[in-house]
Amino acid sequence: MTLTAYEMKNTLPDFLKQHGLATAPMTFLAGDASPRQYFRLKQPPHTFVLMNTPASEKPQQFINIATLLTSNGFSAPQIVGHNVAEGFILLEDLQDDTFTNVLKANPQQASSLYTLATDTLLALAQTFHSKPPMIEDYSLQQFMEGAFLFVDWFYPATHAHPLSAEAKSDYEKIWMKVFEKADALPKTLILRDFHVDNLIYIKDRPDTKACGLLDFQDARWGPMVYDFVSLIDDVRVDIDPAVELDCWNRYSQVFSQFQEGTAERAITYMISASRLTRILGTFARLAKRDSKTQYLTHIPRIWRLLDKNLNHPELAEIKNWFNQHITVRGLQHD
């Protein structure tokens, strides 16, 4: 990875100089499904992370939410400095122990890490009882835009033709009903990308502070279980069913309305199904529009997770729509 994108911005040297990092070596750290890029700057004995983010990725919102989280005792990266106009944000370096990396090296830590992640979500829900001023509602429009990524991108990519108007209308009606039910659930701050790739294990911090948080600039005020199903129905990794059950038990012990057999628990499966459907559309778009085909490897797992949710009787109408209209599930590399 070159630094070409940075070298084209003649304001970067001044930005780094302002923070005493003019001569600090800079190496590529990570990129993701968005246009954001991350670089590590080394200034012994410290390291920092430089985020390069276009205006479309809401740099000021990232700063606001990071500050909101840290001021409430959560381990989001501290904001060291920023130039929002240029898209530069200098961050505390939470290092490289993502839950994903730790689990690869030590699979036996799965139970403790997923417990930590679940406890962090419980703490978020118990902390944010009312909507912070800078946080927007998770709106019907956002929900439906996510749902329609599937029919706009995944369906034509797999079936080689657009979905019929009648089928699209039925699809819209189904997900409108789901949103109405989800919108009636208790609400809290939802980070909307809560999974093991975006969680950092910080072993020298106590309790839920040991769970570092990344990628939260799209946070909204929405159904409190949204992040929980993002964690347990992770499209990138397989989770031991026993670990998943432990997470559910831990979550529903604190919030008893989500115990198995309740109406709220059924709505949780609907929320997960909607999220998985959106991700199918997102990954198809990344592959077809942005040539990011690496995400296609996750498609079979997404369908397995979606089927798991659709098999609940309360989701019969959604399942019937998929059975009737989806005849091809695989998306091939070009």
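Quick one: Cα convex hull volume of the stretch 81-221, Å³ per residue? Before the final figure, lay out the partial values.
On the way: hull volume 26.7 nm³, N = 141.
In the stretch 81-221, the Cα convex hull volume per residue is 189 Å³.
Just the C-alpha atoms of the chain: what Rg/Rh do they give, with Rh taken as the Kirkwood radius?
On the Cα set of the chain, Rg over Rh gives 0.97.
Would you list which lysines come within 27 Å of LYS168, measuring only between C-alpha atoms, while excluding same-chain residues fewer than 8 positions from it?
Within the straight-line cut-off, LYS168 pairs with LYS177, LYS181, LYS288, LYS292, LYS308, LYS319.
Please report the projected area of the stretch 70-122's Cα convex hull averaged over all directions, in nm². Walk me through the intermediate numbers first.
Working: hull surface 19.9 nm².
Spelled out: convex hull of the Cα atoms, projected over all directions, averaged, 5.0 nm².
Test of understanding: express the Cα radius of gyration of the stretch 142-190 as a ratio to 2.2 N^0.38 Å, with N the residue count.
Compared with the compact-globule rule of thumb, the stretch 142-190 sits at 1.36.
Would you mind calculating the gained length between GLN95 and ALA266 on full extension (0.36 nm times residue separation, minus the Cα-Cα distance), in nm to one decimal?
Length gained between GLN95 and ALA266: 57.8 nm.
Going by alpha carbons, how many degrees (0 to 90, nearest 10) lie between the helix axis of 241-254 and the longest principal axis of the chain?
Between the helix axis and the principal axis of the chain, the angle is about 90 degrees.
Could you list VAL80, VAL254, VAL196 in order of exposure, starting from the residue whose Cβ has the fewest other Cβ atoms within 10 Å?
By the 10 Å Cβ count, ascending, the order reads VAL254, VAL80, VAL196.
Which whole-number percent of Cα pairs in the stretch 4-92 have a distance greater than 22 Å?
23
Evaluate the relative contact order of the stretch 4-92 (contact order divided by residue number), counting alpha-carbon pairs under 8 angstrom at least 6 apart; express in whole percent.
22
Compute the long axis of helix 140-149 from its Cα atoms, compare it with the longest principal axis of the Cα atoms of the chain, and write down the angle in degrees, 0 to 90, nearest 10.
Once rounded, the angle reads 80 degrees.
What does the extension gain come out to for ARG236 and GLN43, with contour length at 0.36 nm per residue minus their alpha carbon separation? Write down the numbers at each step before the final one.
Details: separation 193, 0.36 × 193 = 69.48 nm, distance 3.36 nm.
Contour length minus Cα-Cα distance gives 66.1 nm.
Please list, in chain and number order, the residues 5+ apart from GLU136 or on another chain whose amide H is under 5 Å from its amide H, with Hs placed from the backbone.
The answer is TRP221.
Going by C-beta contacts inside 10 Å, put LEU214, LEU103 in order with the fewest on the left.
Neighbour counts put them in this order, fewest first: LEU103, LEU214.
Would you kindly calculate the mean projected area, averaged across all directions, of the convex hull enclosing the Cα atoms of the stretch 167-251, in square nanometres?
Taking a quarter of the hull surface, the average projection is 7.5 nm².
Mind giving me the FRET efficiency for GLN18 and THR297? R0 is 35 Å, r the Cβ-Cβ distance, nearest 0.05 is fine.
The formula returns an efficiency of 0.25 here.
From the phi of every residue in the stretch 287-293, what ³J(HN,Hα) in whole Hz does the Karplus formula 6.51 cos²θ - 1.76 cosθ + 1.60 yield, where θ is phi - 60° and glycine or proline is x?
Coupling constants for the stretch 287-293: 6, 7, 8, 10, 6, 9, 7 Hz.
Under a GNM of the chain (C-alpha, springs under 10 Å), which listed residue has the highest mean-square fluctuation: PRO241, PRO133, PRO107?
In the Gaussian network model the winner is PRO133.
Taking H as built 1.01 Å from N, whose amide H comes closer than 5 Å to the amide H of THR98, not counting residues under 5 places away?
Hits under the 5 Å cutoff: TYR201.
Each residue of the stretch 177-183 in order: what ³J(HN,Hα) in whole Hz does its phi give by Karplus 6.51 cos²θ - 1.76 cosθ + 1.60, θ = phi - 60°, with x for Gly and Pro?
Each residue's phi maps through the Karplus curve to give 5, 5, 4, 4, 5, 5, 5 Hz.
Taking H placed 1.01 Å from N in the peptide plane, check which residues at least 5 places from LEU29 or on another chain put their amide H under 5 Å from its amide H.
Sorted by chain and number, the residues that satisfy this are TYR38, PHE39, ARG40.
Convert each backbone phi in the stretch 199-206 into a coupling constant with the Karplus relation 6.51 cos²θ - 1.76 cosθ + 1.60 (shift: θ = phi - 60°), then list the ³J(HN,Hα) values in order as whole Hz, x for Gly and Pro.
My calculation for the stretch 199-206 gives 10, 10, 7, 10, 5, 8, 10, x Hz in order.
Taking trypsin sites (Lys or Arg not before Pro) that fall in a DSSP loop and have at most 16 other Cβ atoms within 10 Å as cut points, what is the longest piece of the chain between them? Mind dumping the intermediate values first?
Values: sites that count: LYS9, LYS203, ARG236, LYS292, ARG329.
Answer - 10-202.
Can you give me the orientation-averaged projected area of the convex hull built on the Cα atoms of the stretch 209-334, in nm²?
Seen from a random direction, the Cα hull of the stretch 209-334 projects 9.4 nm² on average.
Taking neighbour counts of Cβ atoms within 10 Å as a proxy for exposure, in what order, fewest first, do VAL328, VAL235, VAL225 appear?
In order of increasing Cβ crowding within 10 Å: VAL328, VAL235, VAL225.
Throughout, read-outs are computed from the coordinates displayed, never taken from laboratory work. Just so it is clear, the model here is predicted, and its values are computed rather than measured. Heads up, the Cβs are rebuilt from the backbone with ideal geometry, glycines too, and the neighbour counts pull from every protein chain shown.
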